[in-house]
Amino acid sequence: MNTTKKEEKEVNFCWGSGASPNAISSAINTPITTEKFSHLQNIKLITQQNPQTIVVKNDNDLYNSKNLRSKMELPDKNEIVKSLSSGHSHSVILTESNKVYSFGLNSRSQLGHSYQTIETIKELKRIDYFTKKKLVVKKIQCGYSQTYFLCENSHLYACGTNSNGELGIETQTQSATKGSNEITFCTQDVLDIFSGNYSYFLLYLKEEGLFAVGDNTRGQLGFEKKVNIVRAKLVELPMGFEHTSIACGYEHTLILGNSSNSQQQLLSSGKSPNNGHSTHRCKFEPIDFFNDHYIKQIAAGAFHSLVLTEEQRIFCFGHNDYHQLGKEIAATYKPTEVIIPEIKNHTNLQIYAGCYCNYVFHSDYYADGLVCNNNSLLSKDLLQLFRNESNFSDSSIKEVKFHKIFVECRIGKPLDQIEQVLDGYSKEQIIKFFEWVYSGKLLSSAQRKLIEEICMKFGITDRRQMNLQNDLLKLFKDQDSKDFNILVKDYDDDDDDDDDDDDDDDDDEEEEDYEEIPVHKFLLLARSGLFREMFQNTTQESNSVKDYSRKSIESIEVLVGYFYTNTINITADHDPEFIFEELQDSAEYYQLSNGIHFGYQLKKILKKN
């Protein structure tokens with residue numbers, strides 16, 4: 001058995017609601033309502049249709065209704081949910097086996113079932129159209145009262161209302177203004193599709209660019225002529241702009257991407273204040289406010305927008321009829337930061353915008369009242385190592401000390417090239433750059449610009465390609481670069497009676513009686529209080545140290561693996577009860593800097609077994 005960590009996610013905070021029952025909170029006229037749902041751990045997917053919220057957990061349980069306590073069942077309990085999407089009053093689910101299910105209002109045949117057959121479906125009902133046609137659906141997307149299906153052969157199909165031309169029907173048998181009572185072929189050679197649960201329009205990507213159909217009466221598709229687009233048109237974007245994500249509201253659209261000079265930009269078009277501009281826009285223009293922020297995620301509600309930055313800051317703009325901006329303010333086009341004290345120490349946040357509400361959930365761990373997150377713990381330990389004057393570094397540039405093996409792995413360049421590039425920067429700038437290299441996190445907006453400039457000189461066009469956990473995993477697997485050995489003697493059970501003997505007896509053992517566990521010295525310094533103290537109190541240079549914990553080789557190997565990955569990996573060869581007890585003792589002996597997180601993982605594994 002190979003047991004690995006699963007992310008713990010909770011729908012932890014939401015705001016909005018007011019007089020509308022769209023949010024999971026039952027509070028009335030409360031700008032920010034915080035609620036915890038202990039039964040909703042391991043959140044995988046979340047979406048929202050009026051007036052219900054739908055959540056899928058990692059264990060494939062489905063919940064819906066405004067308090068998230070009504071459990072739903074797929075007709076086939078062996079099916080695993082791959083994705084889900086919601087319109088105003090209907091939802092569609094795609095499974096890993098490419099089966100499609102739907103439920104909700106069907107007044108416009110938006111569920112993929114004929115309106116003449118049934119108007120409302122309360123339970124999940126399979127759409128068998130694609131099975132009969134031998135088509136494989138790879139993505140689903142709902143509009144207000146439409147549903148779009150993108151198949152693996154790049155053909156786009158749709159059903160539902162077509163009052164604004166939003167189905168993009170291009171066949172000879174269907175006119176552009178006619179609705180579709182059945183699933184209908186729309187177009188081919190489609191790479192991706194985008195819509196929103198309050199949208200009467202569709203954006204889809206082809207090799208030629210981004211195309212749009214449907215409602216443009218507020219300029220939300222970026223066309224100056226405010227009319228419905230009944231035949232697909234190429235969206236006009238700035239020259240050289242490449243989109244990375246798109247969010248669609250009722251009367252506005254956000255497009256996040258990179259400009260021709262590789263700078264991130266957030267573009268918007270449509271009605272103010274939802275578009276982040278002081279006036280309406282009929283073409284996609286940048287929201288200048290975010291030039292000094294690196295955006296991680298965007299979301300659009302019916303009449304508001306939501307932005308999450310890499311610094312884990314949340315900004316809202318647009319209408320505020322139901323307090324969807326999280327504050328007691330009037331509607332505003334200016335991005336306003338939402339301060340939620342409860343999420344101050346959380347990382348890896350994710351956002352979702354419903355019609356008139358928002359959700360924030362995270363992938364952090366809780367243990368003994370503390371937040372324990374993989375990325376944040378690794379970052380904290382390594383950043384502290386860099387900032388420590390006695391960090392036993394083996395290299396320096398302009399008196400800034402660092403660890404050669406680690407930095408070369410992170411940047412992907414040899415030391416001489418690193419020195420050549422950084423020689424043109426001041427000591428303070430080099431410190432800021434290395435703080436990011438060690439932690440993998442931006443500490444300020446000014447630091448971002450400096451880092452992106454230096455990364456470009458190293459040939460790194462996207463700094464997000466440098467993933468701290470991936471780099472540590474690479475070092476873990478690279479035996480040749482490991483510069484230190486932990487010498488471990490595998491004690492037999494008979495040796496337990498001798499535990500009271502003085503540990504000095506082990507000094508008389510020959511080194512060949514010990515097995516070597518290769519490791520990187522800098523990582524021992526970062527993750528273990530015992531090793532830090534050991535190295536600081538010795539004047540002798542050595543590339544190995546004897547382990548006196550009297551634990552098995554297997555448990556020390558698991559512990560070393562945790563140093564690199566923050567994950568406890570137990571194999572089928574391990575005796576569970578024995579290894580759990582040994583790991584607990586080893587963690588205490590080696591004074592793990594994040595022992596609470598380690599103990600929490602152990603409890604989870606023990607419970608699972």
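The values are calculated or read from the model by the stated rules, or taken from the named source; none is laboratory data. Note that the structure is a prediction, hence the values are computed from the model and not measured. For neighbour counting, all protein chains shown are included, and Cβ atoms are generated from backbone atoms with ideal geometry for every residue, glycine included. Note: accessible area is taken over every heavy atom of the protein model, side chains too, but ligands, DNA and RNA are not part of it. Shrake-Rupley method; radii C 1.70, N 1.55, O 1.52, S 1.80 Å.
Can you tell me which residues in the range 454-492 are open to solvent by 90 Å² or more (accessible area, probe 1.4 Å) and either at pLDDT 80 or above or touching a Leu at 6+ places or on another chain (Cβ under 7 Å) (or both)?
456, 457, 470, 474, 477, 479, 480
Exactly one condition in (1) of a type outside the set (Val, Ile, Thr); (2) assigned to a loop (DSSP other than H, G, I, E, B); (3) touching a residue at least 24 places away in the same chain (Cβ under 8 Å) is not met by residue 330; state its number.
(3)
Suppose we filter 278, 272, 260, 268 for residues that are more than 16 Å from residue 141 (Cβ to Cβ), open to solvent by 40 Å² or more (accessible area, probe 1.4 Å) and in contact (Cβ under 8 Å) with a residue 24 or more places away in the chain; which single one remains? Lay out the reasoning, then the answer.
Values: 272 fails: open to solvent by 40 Å² or more (accessible area, probe 1.4 Å); 260 fails: in contact (Cβ under 8 Å) with a residue 24 or more places away in the chain; 268 fails: open to solvent by 40 Å² or more (accessible area, probe 1.4 Å).
Matching residue, one of 278, 272, 260, 268: 278.
Please specify each residue of the range 281-294 satisfying the condition of being open to solvent by less than 50 Å² (accessible area, probe 1.4 Å) and under 25 Å from the mean Cα position of the chain (by Cα).
Answer for the range 281-294, where residues must be open to solvent by less than 50 Å² (accessible area, probe 1.4 Å) and under 25 Å from the mean Cα position of the chain (by Cα): 286, 287, 290, 293, 294.
Within the range 181-194, can you find the residues that are under 15 Å from residue 169 (Cβ atoms) and open to solvent by 10 Å² or more (accessible area, probe 1.4 Å)?
Those that are under 15 Å from residue 169 (Cβ atoms) and open to solvent by 10 Å² or more (accessible area, probe 1.4 Å): 181, 182, 183, 184, 185, 188.
May I ask you to say which residue of 310, 342 is under 30 Å from residue 525 (Cα atoms) and modelled with pLDDT under 90?
Working: 342 fails: under 30 Å from residue 525 (Cα atoms).
Of the residues listed, the single one that is under 30 Å from residue 525 (Cα atoms) and modelled with pLDDT under 90 is 310.
Restricting to helices (runs of 4 or more DSSP H) lying wholly in the range 413-481: which have 2 or more residues that are within 21 Å of the chain's Cα centre (by Cα)?
Passing ranges, in order: 427-439, 445-457, 468-477.
Condition check: buried (at least 17 other Cβ atoms within 10 Å of the Cβ), polar (S, T, N, Q), at pLDDT 90 or above and farther than 17 Å from residue 161 by Cα. Does residue 147 satisfy that? Break it down stepwise before answering.
On the way: buried (at least 17 other Cβ atoms within 10 Å of the Cβ): yes; polar (S, T, N, Q): yes; at pLDDT 90 or above: yes; farther than 17 Å from residue 161 by Cα: no.
So residue 147 fails the test.
Tell me which residues, restricted to the range 85-97, are out of contact with any Cys (no Cβ under 9 Å at 6 or more places or on another chain) and open to solvent by less than 50 Å² (accessible area, probe 1.4 Å).
89, 93, 94, 95
With the structure loaded, tell me whether residue 398 is at pLDDT 80 or above, out of contact with any strand residue (DSSP E or B) (no Cβ under 9 Å at 6 or more places or on another chain) and not aromatic (Phe, Trp, Tyr) or whether it fails that test. Steps first, answer last, please.
Details: at pLDDT 80 or above: yes; out of contact with any strand residue (DSSP E or B) (no Cβ under 9 Å at 6 or more places or on another chain): yes; not aromatic (Phe, Trp, Tyr): yes.
It is true that residue 398 is at pLDDT 80 or above, out of contact with any strand residue (DSSP E or B) (no Cβ under 9 Å at 6 or more places or on another chain) and not aromatic (Phe, Trp, Tyr).
Going through the range 394-412 one residue at a time, which ones are open to solvent by less than 40 Å² (accessible area, probe 1.4 Å) and assigned to a loop (DSSP other than H, G, I, E, B)?
403 - this is the single residue of the range 394-412 that is open to solvent by less than 40 Å² (accessible area, probe 1.4 Å) and assigned to a loop (DSSP other than H, G, I, E, B).
Scan the range 285-327 residue by residue and report those that are more than 24 Å from residue 449 (Cα to Cα) and assigned to a strand (DSSP E or B).
Hits for the range 285-327 are 299, 300, 304, 305, 317, 318.
Between 595, 561, which is surrounded by 14 or more Cβ atoms within 10 Å (Cβ to Cβ) and at pLDDT below 80?
Values: 561 fails: at pLDDT below 80.
Only one candidate qualifies: 595.
Mind counting the residues in the range 519-566 that are of a type in the set (Val, Ile, Thr) and more than 22 Å from residue 439 (Cα to Cα)?
6
Scan the range 531-546 and tell me whether some residue there is more than 20 Å from residue 471 (Cβ to Cβ), open to solvent by less than 20 Å² (accessible area, probe 1.4 Å) and of a type in the set (Gly, Ala, Ser).
Checked the range 531-546: no residue is more than 20 Å from residue 471 (Cβ to Cβ), open to solvent by less than 20 Å² (accessible area, probe 1.4 Å) and of a type in the set (Gly, Ala, Ser).
Here is a check on your reading of the model: is residue 138 open to solvent by 60 Å² or more (accessible area, probe 1.4 Å), over 26 Å from residue 60 (Cα atoms) and of a type outside the set (A, V, I, L, M, F, W, C)? Walk me through how you get there before you give the answer.
On the way: open to solvent by 60 Å² or more (accessible area, probe 1.4 Å): yes; over 26 Å from residue 60 (Cα atoms): no; of a type outside the set (A, V, I, L, M, F, W, C): yes.
When the stated conditions are applied, residue 138 does not pass them.
In the range 112-165, what residues are farther than 24 Å from residue 214 by Cβ and out of contact with any strand residue (DSSP E or B) (no Cβ under 8 Å at 6 or more places or on another chain)?
Across the range 112-165, the qualifying residues are 117, 118, 128, 131, 132, 133, 134.
I need every pair where a residue in the range 201-228 that is in contact (Cβ under 8 Å) with a residue 60 or more places away in the chain and polar (S, T, N, Q) has its Cβ under 8 Å from the Cβ of a residue that is open to solvent by less than 10 Å² (accessible area, probe 1.4 Å) and assigned to a loop (DSSP other than H, G, I, E, B), sequence separation at least 6 or different chains.
Every condition considered, the pairs that remain are 228/165; 228/216.
Which of the residues that make up the range 257-315 are among the hydroxyl-bearing types (Ser, Thr, Tyr) and touching a Gly at 6+ places or on another chain (Cβ under 8 Å)?
Within the range 257-315, 259, 260, 268, 269, 305 qualify.
Quick one: is residue 124 of a type outside the set (Ser, Thr, Tyr), under 29 Å from the mean Cα position of the chain (by Cα) and open to solvent by less than 10 Å² (accessible area, probe 1.4 Å)?
So residue 124 fails the test.
Considering only the range 104-114, I want to know if a residue exists there that is farther than 27 Å from residue 357 by Cβ, in a strand (DSSP E or B) and modelled with pLDDT under 90.
No, the range 104-114 contains no residue that is farther than 27 Å from residue 357 by Cβ, in a strand (DSSP E or B) and modelled with pLDDT under 90.
Can you find even one residue in the range 426-441 that is at pLDDT below 80, open to solvent by 20 Å² or more (accessible area, probe 1.4 Å) and out of contact with any strand residue (DSSP E or B) (no Cβ under 8 Å at 6 or more places or on another chain)?
yes
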